[in-house]
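What follows is one structure encoded as C-alpha cells, with my remarks underneath.
The values are calculated or read from the model by the stated rules, or taken from the named source; none is laboratory data. Given the structure is predicted, the values throughout are model-derived calculations rather than measurements. Note that we place each Cβ from the backbone using ideal geometry, even for glycine, and neighbour counts take in every protein chain shown.
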Amino acid sequence: MHSEDNISETDLIKKLQKGDEKSFREFYDLHKVKIYNIALGFLVNEKDAEDVTQEVFVQIFKSIKYFEGKAKLTTWIYRIAVTKSLDFIKSKKAKKRFAFIKDIFVNSDNESDKEENKFIEFEHPGIKEENRELSIILFKEINKLPEKQRIAFVLNKVDFMSYKEVSKIMGISESSAESLIFRAKANLKKRLEKFYENERRFLI
C-alpha cells in the first residue's frame, strides 16, 4: 500500500511523462535551487552552475518518459545533476587543453586570471561567510580528490545529504559511501594540515 507521498509522486511522474507543462513548471520551481546548489558544489562557479542547472532540467524533460520508478524521483534527478556537473568539468578541461595549445601560437588575454577571479567570486549557501577565504582553498583541494571521493564528499559535506542519500545517488552501499567520505576527509586533512583547525567543523 502506497503512502500519500508516494501516491502524489506517482501522479506527478505520470503528469510529467504526459508532457504536462504546468506540472513541469511546478517541478522546476520546487527543485531548481537544490539542483543549482549541487552543481555549484562541483563546479565552484555560479555561471557554470546556472548553465548546468538548465541542462539538467532539459535532460529531465527529455528522459522522464523512461523513468521506471526504481529509485525515488529526487534520487534520479540528483544523479543527473551530478553526472551533468562532472561532464561539464571534463568538457571544460578539454577546452582548456585546446586553449593551451592555441596560446602557444596566439597571445593569451589572461584567461587563467579570469578563471581565478571566477573562483574567488564563488559563493555556496553551504559555506558560511566567515569561512569564505578558507573555503576557496578547501574547494581547490576537493577538486583534486579521486572522482568518487569528491562526489561523496560534496554531496555529504557541502549539500548536507545523509550517507543513505549519497549511497542511493551514487548507486553504492551506505558503508561504501561512508568509507569514501572518510577517505576524502583524510586526504583533505593531509593536504590542508595548517588550515585544518580552522576548517575542522566543515570537514567533520
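Being assigned by TED's automatic domain parsing to the domain that holds Asp48, at pLDDT below 90, at negative phi and not small (Gly, Ala, Ser) is a property that Ile136 lacks. Checking the structure you have, find out if any residue of the stretch 120-128 is modelled with pLDDT under 50 and either outside the structural domain of Lys168 (by TED's automatic domain parsing) or not in a helix (DSSP H, G or I) (or both). Yes, the stretch 120-128 contains a residue that is modelled with pLDDT under 50 and either outside the structural domain of Lys168 (by TED's automatic domain parsing) or not in a helix (DSSP H, G or I) (or both). Being surrounded by fewer than 16 Cβ atoms within 10 Å (Cβ to Cβ) and either within 12 Å of Gly41 (Cα to Cα) or at pLDDT 90 or above (or both) is a description that applies to Glu147. Looking across the stretch 159-169, the residues that are within 16 Å of the chain's Cα centre (by Cα), part of a helix (DSSP H, G or I) and free of Cβ contacts under 8 Å to residues at least 24 places away in the same chain come down to Tyr163, Val166, Ser167.
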